[in-house]
Amino acid sequence: MPSLRNWLIAYDEEQHAWAVSYLERKGINPYWRSKSNYEYLLDIDKNFQENPHYKLAKNSMKAAWRQKKIREKRKGKIEFSLVISNEKKSKLRALSGKKGKTLGETLEDLIDDELSRQKEYQKKLEEEKKNLHQYLENSRGAQKTRLNEVEMTTNSLLYLLNKYVERLIQCEVDALRENHTLTHKHFGTKDYMQSRLSTETEAINRALRKIPAWKKRTFPLDIATEIKIKDILKL
């Protein structure tokens, strides 16, 4: 009968303790004890080689240990039927051969790898969404800044246009007064000035309505905006 030394793992104290306990349950319990379970088992094997009861216990012990390790290995696992094509089974078998693992272990690795890829993809997707959100926020901020600049520029131009129209009308009135003092006495009156300004305002607003714009414009500016622009332009 092969020596027990060939079966025992010299450094596996768990195996040694289990084997001693197993043999004792089978009635193999000599009165002497060595320094360690490993040496004790070797002594038993040496002295009981021809004992039929020991031979049976030794063989059943090895089988029981194999079953114990299989159960431990399968702990947390279940068996289930899986139908796959012969081609895929051959590929799985080849892959398991390269890995030095069983078909089940190789399949578990493939599942873990796929889950890792999915997790990495999800993480990358979240990062891209975060970057896109930040980009949109920055774009909205930049767009808002540009719109404010356009708003300010447009209001400034409308303010300056208003001042230009007022000066133009005043120059017109001054010229008419100088050349037609007697025949056009109404030139220069408040009503005349207001009438001329109203005419120019209407013409400018008609032109503004034809211009595509994100915000409706009217001429002249409201008082609050005019004061704000005047303060900015320091006029």
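Worth pointing out:
- Around the Cα centre of the chain, unit charges on the Cβ atoms of Lys, Arg, Asp and Glu (plus for the first two, minus for the last two) sum to a dipole of about 980 debye.
- Label zone of Glu72 (point 7 Å out along Cα→Cβ, amide N under 17 Å): in the range 1-39 this covers 7-23, 37-38.
- Rounded tilt (10° steps) of 190-210 against the dominant C-alpha axis of the chain: 30
- Relative contact order (percent, whole number), the range 119-235, Cα cutoff 8 Å, 6+ residue spacing: 29
- Couplings 3J(HN,Hα) of the range 56-69, computed from phi: 5, 5, 5, 5, 5, 5, 4, 5, 5, 5, 4, 5, 4, 5 Hz, in residue order, whole Hz [Karplus 6.51 cos²θ - 1.76 cosθ + 1.60, θ = phi - 60°; x for Gly and Pro].
- The phi torsions of the range 24-30, fed into the Karplus equation with coefficients 6.51, -1.76 and 1.60 and a -60° offset, translate into couplings of 5, 5, 8, x, 8, 8, x Hz, rounded to whole numbers, with Gly and Pro shown as x.
- The range 121-126 - phi-based ³J(HN,Hα) in whole Hz, Karplus 6.51/-1.76/1.60, Gly and Pro as x: 5, 5, 5, 5, 5, 5
- A Gaussian network model of the chain, with springs between Cα atoms under 10 Å, assigns the largest mean-square fluctuation among Leu160, Leu56, Leu132 to Leu56.
Where a number appears in this text, it was derived from the coordinates with a stated rule and is not lab data. Predicted model, so just to flag it, every value in this text is computed and none were measured. Positions of Cβ are generated from backbone atoms using ideal geometry, with glycine treated the same way; all protein chains shown enter the neighbour counts.
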